Amino acid sequence: MGSLTPAGGAGVMAELLAAQQARRPVVLAVVVASRRSVPRRPGSKMLVHADGSTSGTIGGGEMEARVVRESLEALAEGRPRRITYALLDPGRGDPGVCGGEVELYLEPYMPATTVFVVGVGHVGEAVVELASWLGYHVVAWDDRDGRVDSVDGAAQSLSGSIDDALTAFRVDEHTRIVVLTRNVDLDTEILPALLATPAPYIGLMGSSRRWETTRRRLRDAGVGEADLARVHTPIGVEIAAETPAEIAVSIMAELIGHERGA
């Protein structure tokens, strides 16, 4: 276990906020009810990090160890859970002998999904606007001077080389990449860097013919088939979209479906 912060809930909540800002997944374990003699009373809090370390305490001992295990399972599922422990007889499997019963609520806090829009043309602008409206954290990059100015305020905007952009914004497993660039040459240049990230979704706009050209160039440059298979293209759900706004709807529909396992 990690070091424990003071018992007060304010310290735990401050660490929870810091974890969210740093995009680290955590679980907040809270004692919500108790009966008779128990180590901690309702309102006691503990934060469980993805590596199993903790901040705060909900009682220590075997019960706390079990709460950590349950919290890691809740984190893996991304769903809250409510658990109850009797603290009567370790001989029958109880995690304590205090004589009471305690009920806890475990709430996972996952980092917000980021939509990383690569290429801010007409469709890119529409995707930034729609993804922002849907509540996603949005980052937009374009190599052309001034293109990202059009999305200022709706997204974190980046320019320069793709390597500079990936240094300024660290793509993680909670990032979905939407590649909406203007030609095969740029796709071939930037996709190796994007494929080197842990993003679980990389969608590419363009025709099947354009992708075959890009795919051949990437393969010749040494990109493996397993990485090439990660690219979702042509991006978007087929809805006969024509306008940039309609294409943005089809793209975000596919992205949402991917997130939900559809």
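The values are calculated or read from the model by the stated rules, or taken from the named source; none is laboratory data. These numbers come from a predicted model, not from an experiment. Note: ideal-geometry Cβ built from the backbone for every residue, glycine included; neighbour counts use all protein chains shown. These accessible areas exclude ligands, DNA and RNA; they are computed on the full protein's heavy atoms, side chains included. Shrake-Rupley method; radii C 1.70, N 1.55, O 1.52, S 1.80 Å.
Contact map, the range 165-184: residues that are farther than 14 Å from TYR136 by Cβ paired with residues that are of a type in the set (Gly, Ala, Ser) and open to solvent by 30 Å² or more (accessible area, probe 1.4 Å), Cβ distance under 8 Å, separation 6+ or inter-chain. Pairs shown: ALA165/SER159.
Quick check, is SER37 small (Gly, Ala, Ser) and under 15 Å from GLU15 (Cβ atoms)? Break it down stepwise before answering.
Numbers: small (Gly, Ala, Ser): yes; under 15 Å from GLU15 (Cβ atoms): no.
Criteria not met by SER37.
Residues of the range 211-232 include none that is closer than 14 Å to VAL127 by Cβ, surrounded by 20 or more Cβ atoms within 10 Å (Cβ to Cβ) and out of contact with any Ser or Thr (no Cβ under 8 Å at 6 or more places or on another chain). For ALA199, the conditions (1) at pLDDT below 90; (2) surrounded by fewer than 22 Cβ atoms within 10 Å (Cβ to Cβ); (3) touching an Asp or Glu at 6+ places or on another chain (Cβ under 9 Å) are fulfilled apart from (1). Against the test of being in a loop (DSSP other than H, G, I, E, B) and closer than 30 Å to GLN20 by Cα, the options ARG144, ARG182, ARG176, ARG170 yield a single qualifying residue, ARG170.
Mind listing whichever residues of the range 88-101 are surrounded by 15 or more Cβ atoms within 10 Å (Cβ to Cβ) and either modelled with pLDDT under 80 or part of a helix (DSSP H, G or I) (or both)? I'd like the intermediate steps shown before the answer.
First, pick out the residues of the range 88-101 that are surrounded by 15 or more Cβ atoms within 10 Å (Cβ to Cβ): 88, 94-96, 98, 100-101.
LEU88, ASP94, PRO95, GLY96, CYS98, GLY100, listed by residue number.
How many of the residues in the range 202-259 are within 12 Å of THR188 (Cα to Cα) and within 23 Å of the chain's Cα centre (by Cα)? Final tally of qualifying residues: 2.
Within the range 138-151, the presence of a residue that is touching a Lys or Arg at 6+ places or on another chain (Cβ under 7 Å) and either open to solvent by 10 Å² or more (accessible area, probe 1.4 Å) or modelled with pLDDT of 95 or more (or both) is excluded.
Does any residue in the range 6-21 that is farther than 22 Å from HIS174 by Cβ come within less than 6 Å, Cβ to Cβ, of a residue that is open to solvent by less than 80 Å² (accessible area, probe 1.4 Å) and at pLDDT below 85 six or more places away or on a different chain, and which pairs are these? Partner pairs satisfying both residue conditions: GLY11/THR5.
Total residues in the range 152-177 satisfying the condition of being open to solvent by 30 Å² or more (accessible area, probe 1.4 Å), over 15 Å from LEU194 (Cα atoms) and aliphatic (A, V, I, L, M): the figure is 1.
Within the range 102-130, restricting attention to residues that are of a type outside the set (Ser, Thr, Tyr), assigned to a strand (DSSP E or B) and more than 16 Å from the chain's Cα centre (by Cα), which residue is modelled with the lowest pLDDT? Working first, answer last.
From the range 102-130, those of a type outside the set (Ser, Thr, Tyr) are 102-104, 106-108, 110-112, 115-130; that's our starting set.
Imposing the further condition that a residue be assigned to a strand (DSSP E or B) reduces the set to 102-104, 106-108, 115-118.
Restricting the remaining residues to those that are more than 16 Å from the chain's Cα centre (by Cα) gives 102-104, 106, 118.
Numbers: VAL102: 81, GLU103: 87, LEU104: 90, LEU106: 95, VAL118: 96.
Result: VAL102.
Here ASP187 does not qualify as in a loop (DSSP other than H, G, I, E, B) and in contact (Cβ under 8 Å) with a residue 12 or more places away in the chain. Filtered by the rule that a residue be among the aromatic types (Phe, Trp, Tyr) and free of Cβ contacts under 8 Å to residues at least 24 places away in the same chain, the range 190-218 gives a lone residue, TRP211. Reported count of residues in the range 234-253, each being crowded, with 21+ Cβ neighbours inside 10 Å and free of Cβ contacts under 8 Å to residues at least 60 places away in the same chain, is 2.
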